[in-house]
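Right, I'll just put the structure down here and ask away after.
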Amino acid sequence: MLVFRRKVGETVVIDGRIEVQLLEVTGSRVKLGFTAPPDVTVMRKELFLTLEENRRAAEFRATESFSGLAARLRVPVRPSNPKPPPA
Amino acid sequence: MPTITTPGLGPFAYRDEDVLTFPEGLPAFETLRIFVLAQALEFAPFVFLVSLERPSVRFVCAPLVLLAPDYSFELLPGESIPAGLEPGHYAAASGSHLLLAILTLPEHAPPTANLVAPVLIHTARRLGVQVILAGSAYSHITPIHLLAAGGAPC
């Protein structure tokens, strides 16, 4: 991964046509500004992943294994709750 | 009672309260705003979000209270809050709203649940939103067999 150190107001240029400017730093959060041609889509990564995942999810085809999965989920296996992994 | 049929599934009978408005659609399907929450005993605990405008578009979902009973998230004031929602704490187990995970069920790969982007259904308002969580410790492709077995999601 390419790493730059930038101060507020400074900019990075990607491919000569996309600019990313550091606008603000508040605690652990930074505000970024993007300037890009209309054919470049810029979005948060979690949105991008969900967009792709929704497309995959919508391709679902009902099969026998799906009914089996439903039957397995009907039986609670353990009372304990899954926890998210440590950050 | 009206019914809706989606390829390979249905017909599902549904009530007025099962018709949900998604003011922003769902990512990748932003133009579809009305979905039916379709259910049938034979597929429980799965439920389906079926587009009323284009019934071939449907999502298999599972209640998060079943997949991850402790699941919750915060919408903080000042963050970008989806239309129709207020800042606050949203838990999988709640009487006022329903949290669903959209499942991906590939034919030749293990099923997964998107726990980064839960579908929040405000039952009284008949409103739905897929909330995209920033900085979530969960994955958008959490294997659901691990969840069903009580293991930690990947």
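The values are calculated or read from the model by the stated rules, or taken from the named source; none is laboratory data. Nothing here was measured: the structure is a model prediction, and the numbers come from that model. FYI the Cβ positions are ideal-geometry reconstructions off the backbone, even for glycines, and counts take in every protein chain you see. Note: accessible area is taken over every heavy atom of the protein model, side chains too, but ligands, DNA and RNA are not part of it. Shrake-Rupley method; radii C 1.70, N 1.55, O 1.52, S 1.80 Å.
Could you put A:E46, A:E10, A:E19, A:E59 in order of accessible surface area, largest first, with the 1.4 Å probe and the full protein assembly present? Show your work: numbers first, answer last.
Details: A:E46 40, A:E10 60, A:E19 85, A:E59 130 Å².
The residues order as A:E59, A:E19, A:E10, A:E46, largest area first.
Averaged across B:133-142, how many Cβ atoms of other chains sit within 10 Å of each residue's Cβ atom?
So the per-residue partner count for this stretch is 4.
Mind checking the dipole of the protein assembly as shown: about its Cα centre, +1 per Lys or Arg Cβ, -1 per Asp or Glu Cβ, Debye to the nearest 20?
Details: 21 positive and 22 negative charges, 77 e Å.
For the protein assembly as shown, the charge dipole is close to 380 debye.
Taking chain B as a Gaussian network, Cα atoms linked when under 10 Å apart, which of B:L20, B:L41, B:L105 shows the biggest mean-square fluctuation?
Fluctuation is largest for B:L41.
If you rank B:F46, A:F4 by how much accessible surface each has, with a 1.4 Å probe, what is the order from largest down? Walk me through the numbers before you get to the answer.
Numbers: B:F46 5, A:F4 130 Å².
My answer, sorted largest first, is A:F4, B:F46.
Over the range A:1-40, with a single point scatterer placed on each C-alpha, what log10 of the ratio I(q)/I(0) does the Debye formula yield at q = 0.16, 0.28 1/Å?
For the range A:1-40 at q = 0.16, 0.28 Å⁻¹, log10 I(q)/I(0) is -0.44, -1.01.
Provide the per-residue ³J(HN,Hα) series for the range A:12-27, in order, calculated from phi with Karplus coefficients 6.51, -1.76, 1.60 and θ = phi - 60°, each as a whole number of Hz, with x at glycine and proline positions.
Whole-Hz 3J(HN,Hα) from phi for the range A:12-27: 10, 10, 10, 6, x, 9, 10, 10, 10, 10, 7, 8, 7, 10, 10, x.
In addition: Given the options B:P118, B:P11, B:P106, state which has the largest fluctuation in a GNM of chain B using a 10 Å cut-off (strictly under) for Cα springs.
B:P106
Moving on to the next point. Taking only the alpha-carbon atoms of the protein assembly as shown, what semi-axes of the equivalent ellipsoid follow from 5 times the gyration tensor eigenvalues under a square root, in whole Å, largest first? Numbers along the way, then the final one.
Details: eigenvalues 227, 86, 66 Å².
Ellipsoid half-lengths, sorted descending, are 34, 21, 18 Å.
Once Lys and Arg get +1 and Asp and Glu get -1 on their Cβ, which of B:T104, B:F48, B:V65 lies farthest toward the positive end of the dipole of chain B?
B:F48
What is the mean number of Cβ atoms from other protein chains located within 10 Å of the Cβ atom of each residue in peptide B:105-112, rounded to a whole number? Intermediate results must be reported in sequence, preceding the final value.
Numbers: counts 10, 5, 6, 0, 1, 1, 5, 3.
Neighbouring Cβ atoms belonging to other protein chains average 4 per residue here.
To the nearest 20 Debye, how big is the dipole of the range A:1-40 about its Cα centre, given +1 on the beta carbon of each Lys and Arg and -1 on that of each Asp and Glu?
Here the range A:1-40 has a charge dipole of around 240 debye.
Any idea of the accessible area per residue across the range B:3-148, 1.4 Å probe, to the nearest Å²?
Numbers: 5910 Å² over 146 residues.
So the range B:3-148 comes to 40 Å² accessible per residue, rounded to a whole number.
Of all the accessible heavy-atom surface of the protein assembly as shown, with the other protein chains kept in place and a 1.4 Å probe, what percent is carbon and sulfur? Don't skip to the end; give the middle numbers.
Values: 7540 of 13180 Å².
That fraction is 57 percent.
Among A:V30, A:V40, A:T11, pick out the residue whose Cα is farthest towards the positive end of the charge dipole of the range A:1-40, where Lys and Arg carry +1 and Asp and Glu carry -1 on C-beta, about the Cα centre.
It is A:V30.
Follow-up. Rounding to the nearest 20 debye, state how big the charge dipole of the range B:18-122 is about its Cα centre with +1 on each Lys and Arg Cβ and -1 on each Asp and Glu Cβ.
In debye, rounded to 20, the range B:18-122 gives about 200.
Then there is this: Over all residues in B:50-60, what is the mean tally of Cβ atoms on other chains that come within 10 Å of each residue's Cβ? Don't skip to the answer; put the middle values down first.
Numbers: counts 0, 1, 0, 0, 0, 0, 1, 2, 4, 4, 7.
Mean shielding count: 2.
Show me you know the interface measure: the accessible area buried between B and A, both chains summed, probe 1.4 Å, in Å² to the nearest 100.
The B and A chains share an interface burying roughly 3400 Å².
Please report the antiparallel percentage of the DSSP beta bridges confined to chain B, to the nearest 5.
Values: 36 of 37 bridges.
Around 95 percent of the beta bridges assigned by DSSP in chain B are antiparallel ones.
Mind giving me the nanometre distance, one decimal, between the label points for B:R126 and A:T41, set 7 Å out from Cα along Cα→Cβ?
Each label point is offset 7 Å from its Cα along the Cβ direction, giving 3.2 nm.
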